[in-house]
Amino acid sequence: MNAQQKKEIRNHLIQILIGILITIPVFNEKSWLRFIALAGFLLIISNLIWFVKNSEEILFHFFPSKTIREKKPKFKDKIWSSISMTLFFTGIIFLMRNIENIIEESSFWKFFGLIGFSFSLLALFILHKFRPSVFSESGRRYAVVFGFVLGFTSLTISSFSFF
């Protein structure tokens, strides 16, 4: 990552901080000041979208993998990538089905989201221990990490919301 990219990351982080500082003082306003909170919120969201869009490159910079793209990946490594994407989409679908229960109880989804996040980190640690080659390619590692984290988190929230 060169100096220009580091400067760009720093600028986006500063813009997120500015958005937070704009939003906090006028968050609960009922007058025209609520539009200032909306502007701060939009500033935060637009910069977070930039981070999501560039997250694979940022992840590769801080935690470099052996290769960026493989020509012929191993079958077992492709299986883990497919499992993570299936887990992610299954979690999102179940989360959408139970969204009305989740919205009503904010402490509920925070608690079970933390449990799901912890479970996903444990699963990733075990996977890294028994199958480290899954994490040797940048694109697959990105898919597996975010698929497991978001998949387990959303599945845990939606499962406990259903019960």
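The values are calculated or read from the model by the stated rules, or taken from the named source; none is laboratory data. Just so we're clear, the structure is a prediction, and the values are computed from it rather than from any experiment. Here the Cβ positions follow ideal geometry from the backbone for every residue, glycine too, while neighbour counts run over all protein chains shown. For accessibility, only protein heavy atoms count, side chains too; no ligands or nucleic acids. Shrake-Rupley method; radii C 1.70, N 1.55, O 1.52, S 1.80 Å.
Stretching the chain fully between Lys6 and Met85 yields a gain of 25.4 nm (0.36 nm per residue, less the alpha carbon separation).
The per residue volume of the convex hull around the alpha-carbon atoms of segment 94-163 is 78 Å³.
For the chain, adding -39500 (n - 2.57) for each run of n ≥ 4 DSSP H residues and dividing by the number of residues yields -26500 deg cm²/dmol at 222 nm.
The mean accessible area for residues of the chain, using a 1.4 Å probe and ignoring ligands and nucleic acids, is 69 Å² per residue. Lysine pair count for segment 25-163 with Cα-Cα distance under 20 Å and sequence separation of 8 or more or different chains is 7.
With distances taken between every two different alpha-carbon atoms, the chain has a Kirkwood hydrodynamic radius of 18.2 Å.
Show me the helices of the chain, taken as full DSSP H stretches, that run 27 Å or more along their long axis by Cα and average 1.0 or above in Kyte-Doolittle hydropathy.
34-53, 106-130
When +1 charges are put on Lys and Arg Cβ atoms and -1 charges on Asp and Glu Cβ atoms, the dipole computed for the chain relative to its Cα centre reaches about 780 debye. In terms of packing, defined here as the mean over residues of other Cβ atoms within 10 angstrom, the peptides 45-51, 3-9 line up highest first as 45-51, 3-9.
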